[in-house]
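One structure is given below, encoded as structure tokens.
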Amino acid sequence: MTDVALVFRLGLLCRVPASPPPVIRVSHLRKHFGAHAVVQDVSFELAVGETLVLLGPSGCGKTTLLKMLNRLIEPDGGSVEINGRDVRQQPAETLRRGMGYVIQQVGLLPHYTVAENIGVVPRLLGHAPAAIAARTEALLTRLHLPPARYAGQLPQQLSGGQQQRVGLARALAADPPIVLMDEPFGALDPITRAGIRREFRELEELRSKTVVLVTHDVAEAFELADRILLLNAGRVQQLGTPRELLFRPANDFVRYFFAAERLALQLRTLTLDDVFDNEFLHDANPHTTVHEALETLTGTAVGTTGRFSVAQLMAAFGAALQREEDAWKR
């Protein structure tokens, strides 16, 4: 083998595999309503299985931006690509059938049973009745709605939390790779909302989905997001992980936006791995947040927390915060 051929073959062997293209690519998206600029030059990319939360004050453009992803609203400029294809290259109805969509008002058809509501999109796509029935039963079971009890009920017979679970099941029924959610838990009381969020986070069905979720609830954003897109007046203020926005704010708006809930967010963001050495963790999950560990130590939740007390946890938490502040100043 010649030297040139050997070098070429080694180059092929050492080549780093190309990263997969983004599932969603938004480029310089713009939208005006009359003279009012609602979305201004917004760009981002999302990978498979990533959850992006659109966050910001009322009127900042969150819902408008979400609706441009599935063409419920058409942009004035810029582009949206799904798996490398411009969304304008296919009929809007076809595009939407390939995405799950959950809204605050749920939007269940009042004269359809729970099972019929869940099966709407699969029926439109021509799925076999037996497959639809099996999928409906599986989703209801995973969402803690026993099919024998709930499949035949009408929406008005359900509580708000149960209706929201059915809305989520309907969005997942056709197994779409992308799920869009517009304030999905906003109409629920705080206790129900917290429970549904926990179920959402732990739902196996969503772990392979690419999710874009709109909320005005900061705690909800930090609990559910892989990354947060913080908007103000239609412009991106910062795009990053919850930790980056909290400890590395890009500007004063970002810093002040989280100021009122800063301590609570710090407790929910830092993990045991951030605050303790391994010797303290023992059998505790290093990914447990400080907030979750406190709930366990004070008896409000069940779990294992390692070999430390509340006082030791809070002292370590304070030291970790100081390290984060020192790193930010550098």
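The table below lists the values:
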read-out	value
Filter result for Val106 (at pLDDT 95 or above and either within 30 Å of Asn232 (Cα to Cα) or not in a loop (DSSP other than H, G, I, E, B) (or both))	no
Qualifying residue in region 153-161 (condition: closer than 10 Å to Val114 by Cα and in contact with a Pro (Cβ under 6 Å, 6 or more places away or on another chain))	yes
Verdict on Gln153 being within 19 Å of His111 (Cβ to Cβ) and outside any helix (DSSP H, G or I)	yes
Selection within region 61-87 - over 26 Å from Lys209 (Cα atoms) and either touching a Gly at 6+ places or on another chain (Cβ under 8 Å) or of a type in the set (Asp, Glu) (or both)	Asp76
Pair list, Cβ under 6 Å, 6 or more apart: region 147-162 residue among the aliphatic types (A, V, I, L, M), other residue assigned to a helix (DSSP H, G or I)	Ala151/Val114; Ala151/Ala115
Odd one out for Ala315, checked against (1) modelled with pLDDT under 90; (2) open to solvent by 60 Å² or more (accessible area, probe 1.4 Å)	(1)
Those residues of region 238-295 which are open to solvent by 30 Å² or more (accessible area, probe 1.4 Å), in a loop (DSSP other than H, G, I, E, B) and modelled with pLDDT of 90 or more, in sequence order	Thr241, Arg248, Ala250, Asn251
Set Pro122, Pro155, Pro147, Pro184: member being open to solvent by 20 Å² or more (accessible area, probe 1.4 Å) and either modelled with pLDDT under 90 or more than 18 Å from the chain's Cα centre (by Cα) (or both)	Pro147
Of all residues in region 296-312 being modelled with pLDDT under 80 and polar (S, T, N, Q), the one that is nearest to Arg243 (Cα to Cα)	Thr305
Subset of region 85-103 [part of a helix (DSSP H, G or I), in contact (Cβ under 8 Å) with a residue 24 or more places away in the chain and in contact with a strand residue (DSSP E or B) (Cβ under 8 Å, 6 or more places away or on another chain)]	Leu95
Candidate set: region 80-119, residues that are surrounded by fewer than 16 Cβ atoms within 10 Å (Cβ to Cβ) and of a type in the set (S, T, N, Q); chosen: the one nearest to Ile178 (Cα to Cα)	Asn83
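The values are calculated or read from the model by the stated rules, or taken from the named source; none is laboratory data. This structure is a prediction, so every number in the text was calculated from the model and none was measured. Don't worry about glycine lacking a Cβ; one is built from the backbone with ideal geometry, like all the others, and counts go over all protein chains shown. Only protein heavy atoms, including side chains, enter the accessible area calculation; ligands, DNA and RNA are left aside. Shrake-Rupley method; radii C 1.70, N 1.55, O 1.52, S 1.80 Å.
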